[in-house]
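One structure is given here, and the rest of the page talks about it.
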Amino acid sequence: KFTSDPYMVAAGEGAQEACDELGYTLDFNGPVNADIAAQSDIIDQWTQKKYTAITISANDADALSPAMKAASDAGIYTSAWDADVNADSRELFLNQVTFEGMGKTMVDMMVEEAGDSGDFLVVTAVLTAPNQNAWIEEMKKYMEANYPDMRIADILAGDEDLAKSRDVTLNYLRSHPETKGVFAVTGMASPGVCEAIEQLDLVGKVAVTGLGVPSLIKDYLKKGTIKQCCLWSPYDIGYGAMYLAKTQIDGKVDEAKEQGYIEAGRLGKLEIIDKDKGIVLLGEPLIFTKDNVDDYNF
Ligand code: RAM
């Protein structure tokens, strides 16, 4: 998606670790902000360079798929990790957690903090972000089925920018004081949302939960502005993405689909949860609280 985010930096380190094991050369890059056109340009450059394999975390599935399709047509193995492109432009996708699992986890955390009724705000990445949008859809379905009195009143983009995430939250909460809680569904949004809640003196009155990158959110967890949030290991997703590429490079995708998993080095076997769509699963979400957040080094 973009490189100025500790989550992405750690994912790049995980990818490098796998490439060192496999004898691959890694070019890990992205725009400095959530710029979709710049992302597409980088893929085009890699296609020109005739790289063996390209894997991406996309800011917009429809906008990035043509560049990925062109790479694939040029004989490059294509895959996605973290945030998918359209299935016809890549062979495999490494999903961190099932979309349903993310929807359920985020809503359940919110219910524990804010109760199961009322209006909630979502602060997302960009409005086209494939992973965030899939999670929001699942949050809505899970609420409808289990907590019909909860309502997502609005979805605002923080554009993967902490200050913008803070400012959109400040403006929204000023004019919507009835809001029960804010779902921050990207790592860059949660510290911004916490800052807004502190500035408005709403700690304990408006709940926050969602995704948190430990290094960005730990102070707010310790102060109690946010009680719990979730993520997965960014090292592992970057590492695992390289093993999806290896499966392609070794010509073993069909075999992996028959077995139901891919071999992923120190991660062991990663289950293929959807053979038709080529979706591989990393695992379960990690939940962070003030008591365990210091155990994580990302
Ligand atoms: C940001 C990106 C990424 C997301 C993480 C938690 O880095 O939006 O896609 O999964 O947050």
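The values are calculated or read from the model by the stated rules, or taken from the named source; none is laboratory data. It should be emphasised that the depicted structure is a prediction, and the values quoted were computed from it without experimental measurement. Here the Cβ is made from the backbone with ideal geometry for all residues, glycine too, and neighbour counts use every protein chain on show. Side chains included, ligands, DNA and RNA excluded: accessible areas come from the protein's heavy atoms. Shrake-Rupley method; radii C 1.70, N 1.55, O 1.52, S 1.80 Å.
The Rg/Rh ratio for segment 47-121 is 1.21, where Rg is the radius of gyration of the alpha carbons and Rh is the Kirkwood radius. Of the Cα atoms belonging to segment 1-60, the radius of gyration and Dmax stand at 11.7, 32 Å. Taking 0.36 nm per residue of separation and subtracting the Cα-Cα distance, full extension of the segment from A37 to S4 would add 10.2 nm.
Taking the 1.4 Å solvent-accessible surface of the chain as the whole, the part contributed by carbon and sulfur is 47%. From the square roots a ≥ b ≥ c of the eigenvalues of the alpha-carbon gyration tensor of segment 126-172, which class results: rounded (a/c under 1.5), prolate (a/b over b/c), or oblate? Oblate.
For K269, the lysines whose Cα falls under 17 Å of its own Cα, not counting residues fewer than eight places away in the same chain, are K246, K252, K257. Per the Kirkwood formula applied to alpha carbons, segment 195-295 shows a radius of gyration over Rh ratio, Rg over Rh, of 1.17.
Taken over the alpha carbons of segment 157-210 as equal point scatterers, the Debye sum produces base-10 log I(q)/I(0) values at 0.13, 0.14 Å⁻¹ of -0.23, -0.27. Within the straight-line cut-off of under 20 Å between alpha carbons, the lysines reachable from K141 are K104, K180, sequence neighbours fewer than 8 places apart in one chain being disregarded. Antiparallel DSSP bridges in the chain: what percent, to the nearest 5? Bridges in the chain that DSSP calls antiparallel: roughly 25 percent. Other residues lying with their Cβ under 14 Å from the Cβ of F99 contribute a combined charge of -3, Lys and Arg counting +1, Asp and Glu -1. For the chain, the per residue solvent-accessible surface stands at 41 Å², with DNA, RNA and ligands left out and a 1.4 Å probe. The residues neighbouring E17, those whose beta-carbon lies less than 14 Å from its own, together hold a net charge of -2 under the Lys/Arg +1, Asp/Glu -1 convention. For segment 73-160, the normalised intensity computed at q = 0.18, 0.22, 0.25, 0.26 Å⁻¹ comes to -0.82, -1.08, -1.25, -1.31 (log10 of I(q)/I(0), Debye sum over alpha carbons, equal scatterers, no solvent). Where the only charges are on Cβ atoms (+1 Lys, Arg; -1 Asp, Glu), what is the dipole of segment 143-245 about its Cα centre, to the nearest 20 debye? Roughly 320 debye for segment 143-245.
Taking the square roots of five times each eigenvalue of the Cα gyration tensor of the chain, the equivalent ellipsoid has semi-axes of 34, 19, 18 Å, listed largest first. Considering only Cα atoms, the convex hull volume of segment 1-152 works out to 119 Å³ per residue.
Counting charges near L173 (Lys, Arg +1; Asp, Glu -1) among other residues having Cβ under 13 Å from its Cβ returns a value of -3. Extending 7 Å from Cα along the Cβ direction at T25 and again at R174 yields two label points whose distance is 5.3 nm. Nearest 10 degrees, 0 to 90: what angle lies between the long axis of helix 214-223 and the longest principal axis of the chain (Cα atoms)? It works out to around 20 degrees. Among beta bridges identified by DSSP and lying wholly in segment 33-183, the antiparallel ones come to about 0 percent. Using only side-chain charges placed at the Cβ, +1 for Lys and Arg and -1 for Asp and Glu, the dipole size of segment 88-217 relative to its Cα centre rounds to 100 debye. Using equal-weight Cα scatterers in the Debye expression, the normalised intensity of segment 77-236 in log10 at q = 0.12, 0.15, 0.19 Å⁻¹ is -0.48, -0.74, -1.17. Tell me the trypsin sites (Lys or Arg not before Pro) within segment 1-109 that lie in a loop according to DSSP and have at most 14 other beta-carbon atoms within 10 Å. Sites meeting the loop and neighbour criteria: K49, K50. Summing Cβ point charges (Lys, Arg +1; Asp, Glu -1) relative to the Cα centre of the chain gives a dipole of roughly 240 debye.
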